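Visitor: First, the structure itself, so that you have it in front of you.
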Amino acid sequence: MKKYFQFDELGTNYKREIIAGLTTFLSMAYILFVNPSILSLSAVPDLPNEMRMDQGAVFTATAIAAAVGSLLMGLIARYPIALAPGMGLNAFFAFTVVLTMGIPWQTALSGVLMSGLIFILLTLSGVREKIINSIPEDLKYAVGAGIGLFITFIGFQNAGIIVNNDAVLVGLGHLTNGNTLLAIFGVIVTVILMVRGVNGGIFIGMVITAVVGMFSGLIDVPTKVIGSVPSLSPTFGVAFEHFGEIFNIKMLAVVLTFLFVDFFDTAGTLVAVANQAGLLKDNKLPRAGKALFADSCATVVGAILGTSTTTSYIESSAGVAAGGRTGFTSVVTAILFLLALFFSPLLSVVTAPVTAPALIIVGVLMVSSLGKIEWTRFEIAVPSFLTLISMPLTYSIATGIAIGFIFYPITMIAKGKAKEIHPIMYGLFVVFILYFAFLVE
């Protein structure tokens, strides 16, 4: 095993890899509880039950998808990169596709499955690189930052910090409300942990917030910590049953959005973490095809189980910082996700005020890409700004992407740089024009 994972060549050992795997797990364990909360739309009151995914089933699907994805990445690509259902993509799934567009979650899962299958085909054929290269770097950065703003907005809503205001659409909530105060406390604690560089700061912040909530009587104390694994039956295989419902232009936009965001997340994470670990050779990523294949397979597995898109996690950088250099780190993380299956009773204490700080802090991390956009070039600044600001204001990641991808050809042509626009971007321009013409009600 040491030879397969190249321990000697990369200067590592079992102890270091195990510690790295544990560090990565703690850094991303929050997704086990945040993902079920988001996909079940638990923070949205008065919704019909048929619009909500079963929290227990999503918890199980999240843990297994993360375990399978991390295991594939570790064994096939041999990178210290863990996977789990992605933040941003789960928000798009729940708040845009299901809540705003009114698409049943069962059909949305079919869309995730389709995006994963397309991802596999594009990876195996090599077309994936051409598509990614056709989209300007600035728009990629804008998409990431816009998703960060959107997630933060959802976090503020869940916390009760931002509430509905009929006069001006949104306004400041009642900051003296117990749950809102608990969420604010959680934000402060998590920020301090992150500033201090504590590994797993987001997860630890959630734990501290939940404990304080229980002591203050705002959260019911669970009767047990370890329990049986929740059944997958409410979500398992549903993506196959509703697969025939995705072949229309409305779902085409949804599938494309799942695909694009997964593209950007995966490519950016792989390069960033591999570079940190010193695994890049001549500025190229060895075994990149295998890493992308593992990522796309994880999305397919996750969709079948019953969760939104599974993708590579930038939190893997915490494990690399702890000494992880090989795929064995990811194998350890996968095992820990499987063990976490038995802690489902803790779902009851992960209320909206507990998850809100995690959403807000993840948003902070995602908007860091803003600094990479060429704001001094107005033809770039306009589509980039419209992309990132439209996501929270329209409550739709897809709409933000559509607006940005429409304005990019317009501003570039106006600047006299039509030849710099890739033909694929012209095709996407037409697709998103149709999106607004026929989909937006």
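Visitor: For Val364 and Ile424, FRET efficiency with R0 = 30 Å and r from the beta-carbon atoms, rounded to 0.05?
Guide: 0.40
Visitor: Any chance you could run the full-extension gain for Leu434 through Leu117? It's 0.36 nm times the residue separation minus the Cα-Cα distance, nm to one decimal.
Guide: Computed gain between Leu434 and Leu117 is 111.7 nm.
Visitor: Then there's this: Going by accessible area, probe 1.4 Å, with all protein chains left in place, what is the ranking of Asp46, Asp138, largest first? List each step's numbers first, then the result.
Guide: On the way: Asp46 150, Asp138 15 Å².
Ranking Asp46, Asp138 by accessible area, largest first, yields Asp46, Asp138.
Visitor: Shifting gears a bit: Pull up the cross-link candidates among the lysines for Lys281, meaning alpha carbon to alpha carbon under 17 Å and not fewer than 8 places away within one chain.
Guide: Cα-Cα hits under 17 Å: Lys290.
Visitor: Next up: Can you compute log10 of I(q)/I(0) for region 247-329 with the Debye formula, treating each Cα as one identical point scatterer, at q = 0.16, 0.26 Å⁻¹?
Guide: -0.68, -1.33
Visitor: Along its principal axes, what span do the Cα atoms of region 282-427 show, with the longest given first and each in whole Å?
Guide: The principal-axis extents, from largest down, are 58, 44, 32 Å.
Visitor: Let me check something: with ligands and nucleic acids excluded, how do Glu245, Glu315, Glu17 order by accessible area (1.4 Å probe), largest to smallest?
Guide: Glu245, Glu315, Glu17
Visitor: What does the extension gain come out to for Arg377 and Glu245, with contour length at 0.36 nm per residue minus their alpha carbon separation?
Guide: 43.3 nm
Visitor: So what is the relative contact order for the chain, in percent, with contacts set as C-alpha pairs under 8 Å and at least six apart?
Guide: Reported as a whole number, the value is 34 percent.
Visitor: Which semi-axis lengths, in whole Å and largest first, follow from the square roots of five times the eigenvalues of the Cα gyration tensor of region 182-242?
Guide: Value: 31, 18, 11 Å, ordered largest first.
Visitor: Give me P(r) over region 329-396, computed from all C-alpha to C-alpha distances, binned every 10 Å, as integer percentages.
Guide: 14, 26, 28, 20, 10, 1
Visitor: Also: Would you calculate the convex hull of the Cα atoms in the chain and tell me its volume per residue in Å³?
Guide: Looking at the chain, the number lands at 151 Å³ per residue.
Visitor: Okay, next question. Listed here are the pairs Lys140/Lys419; Lys250/Lys372; Lys140/Lys417; which of them are more than 24 Å apart at the Cα?
Guide: Lys250/Lys372
Visitor: Further question: Between Val211 and Leu393, what is the spin-label point distance in nm, taking each point 7 Å from the Cα along the Cα→C-beta axis?
Guide: 4.3
Visitor: Report, as a whole number in µm² per second, the diffusion coefficient that Stokes-Einstein gives for region 296-343 at 25 °C and 0.890 mPa s using the Kirkwood radius over alpha carbon pairs.
Guide: 201
Visitor: What are the residues whose amide H is under 5 Å from the amide H of Thr311, where those residues sit 5 or more places off or on another chain and H is modelled from the backbone?
Guide: Counting only residues 5 or more places away or on other chains, the set is Ala84, Gly86.
Visitor: Continuing with this model, one more query. Report the residues of region 325-362 in range of a label on Val221: point 7 Å along Cα→C-beta, backbone N strictly under 11 Å from it.
Guide: What the label zone holds, given the 11 Å backbone N cut-off, is no residue at all.
Visitor: Further question: Accessible area, 1.4 Å probe, largest first: how do Tyr435, Tyr14 sort? List each step's numbers first, then the result.
Guide: On the way: Tyr435 10, Tyr14 85 Å².
Largest accessible area first, the list is Tyr14, Tyr435.
Visitor: Using alpha carbons only, what's the Rg to Rh ratio of region 1-122 with Rh from Kirkwood?
Guide: Checking Rg against Rh, the ratio lands at 1.08.
Visitor: Would you please give the residues with an amide H less than 5 Å from that of Ile162, counting only those at least 5 places away or on a separate chain, with H modeled from the backbone geometry?
Guide: Close amide H contacts, sequence-distant or interchain: Gln157, Gly173.
Visitor: I would also like to ask the following. Mind listing the long-range amide H neighbours of Val170? Cut-off is under 5 Å, sequence gap 5 or more, other chains count too, H placed in the peptide plane at 1.01 Å from N.
Guide: Here the answer is Asn165, since their amide H atoms fall under 5 Å of that of Val170.
Visitor: Using the alpha carbons of region 382-441, what is the convex hull volume per residue in cubic angstrom, as a whole number?
Guide: Given the Cα convex hull of region 382-441, per-residue volume reads 73 Å³.
The values are calculated or read from the model by the stated rules, or taken from the named source; none is laboratory data. It should be emphasised that the depicted structure is a prediction, and the values quoted were computed from it without experimental measurement. All Cβ positions, even for glycine, are placed from backbone atoms using ideal geometry, and neighbour counts span all protein chains on display. Calculation scope for accessible area: heavy atoms of the full protein, side chains included, ligands and nucleic acids excluded. Shrake-Rupley method; radii C 1.70, N 1.55, O 1.52, S 1.80 Å.
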